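One structure is given here, and the rest of the page talks about it.
The values are calculated or read from the model by the stated rules, or taken from the named source; none is laboratory data. The shown structure was predicted, so the numbers you read here are calculated from the model rather than taken from an experiment. Note that we place each Cβ from the backbone using ideal geometry, even for glycine, and neighbour counts take in every protein chain shown. Surface accessibility is based on the protein's heavy atoms, side chains included, excluding ligands, DNA and RNA. Shrake-Rupley method; radii C 1.70, N 1.55, O 1.52, S 1.80 Å.
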Amino acid sequence: MKRRATIAVLLGIFTGVLGKQPWKLRLFCPEEKIDLVLDLYEESIEVPGLEAFGPMNGFLGGNIYGVWYVVGFDIKDDEHATLTIANDLGSEDQKLTLTQISDSTYQLKFTGYNAVKRTQGKKLVKIPGELTMKRLPSSQ
């Protein structure tokens with residue numbers, strides 16, 4: 001009887017931990033029209049244009065030149081994570097921090113040199129070094 005109670009408690013704790021996944025989300029920056037799709041718990045996201053490589057942990061796309069996919073990350077806590085993304089050619093990488101400001105708002109900050117650009121006319125221009133991202137409803 002004692003064993004069953006212990007198993008029930010552990011199962012409840014384990015289920016609670018699995019239900020809370022703050023780093024499985026879809027974000028959108030309305031000002032810059034940039035998407036960030038993440039699942040830092042498993043490689044479950046198909047990256048547009050890179051489907052041949054199989055599921056990954058996420059990507060940055062939208063109104064930018066190419067697509068940047070997640071190649072590394074470090075979850076600090078439920079409100080802070082650092083990401084390393086690489087462009088679709090694999091020739092450049094970029095480090096960034098993601099901070100949860102509220103339930104629906106996140107701050108994305110590029111660290112060091114900002115290599116992510118967008119096309120403007122016939123030129124490539126850098127996107128802002130900080131983006132305010134809004135959480136979108138999950139499709140899952």
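Structural remarks
- Filtered by the rule that a residue be of a type in the set (S, T, N, Q) and either closer than 19 Å to Gln21 by Cβ or at pLDDT 95 or above (or both), region 112-140 gives Thr132, Ser138, Ser139, Gln140.
- Check on Thr105, closer than 17 Å to Leu40 by Cβ and within 16 Å of the chain's Cα centre (by Cα): no
- Within region 78-92, being open to solvent by 20 Å² or more (accessible area, probe 1.4 Å) and not in a loop (DSSP other than H, G, I, E, B) holds for His80, Thr82, Thr84.
- Single residue of Leu60, Leu89 found to be under 12 Å from the mean Cα position of the chain (by Cα) and within 20 Å of Lys126 (Cβ to Cβ): Leu60
- Check on Lys95, touching a Phe, Trp or Tyr at 6+ places or on another chain (Cβ under 8 Å), open to solvent by 50 Å² or more (accessible area, probe 1.4 Å) and closer than 25 Å to Pro22 by Cα: yes
- Options Ile64, Ile101, Ile75: the member that is modelled with pLDDT of 95 or more, open to solvent by less than 50 Å² (accessible area, probe 1.4 Å) and not acidic (Asp, Glu): Ile64
- A Cβ distance below 9 Å, combined with a sequence gap of six or more or placement on separate chains, defines the contacts here; from region 98-111, residues that are assigned to a strand (DSSP E or B) reach residues that are surrounded by 19 or more Cβ atoms within 10 Å (Cβ to Cβ) and hydroxyl-bearing (Ser, Thr, Tyr) in the pairs Leu98/Tyr106; Thr99/Tyr106; Gln100/Tyr106.
- Matching residues in region 104-114 - criterion: being under 20 Å from Val37 (Cβ atoms) and open to solvent by 40 Å² or more (accessible area, probe 1.4 Å): Ser104, Gln107, Lys109
- Residue match in region 49-71 (condition: over 15 Å from Leu36 (Cβ atoms) and assigned to a strand (DSSP E or B)): no
- Among residues of region 4-34, those that are outside any loop (DSSP other than H, G, I, E, B), modelled with pLDDT of 95 or more and open to solvent by 50 Å² or more (accessible area, probe 1.4 Å), counted: 3
- Among (1) open to solvent by less than 60 Å² (accessible area, probe 1.4 Å); (2) closer than 15 Å to Val37 by Cα; (3) of a type outside the set (A, V, I, L, M, F, W, C) - the single one Lys117 does not satisfy: (2)
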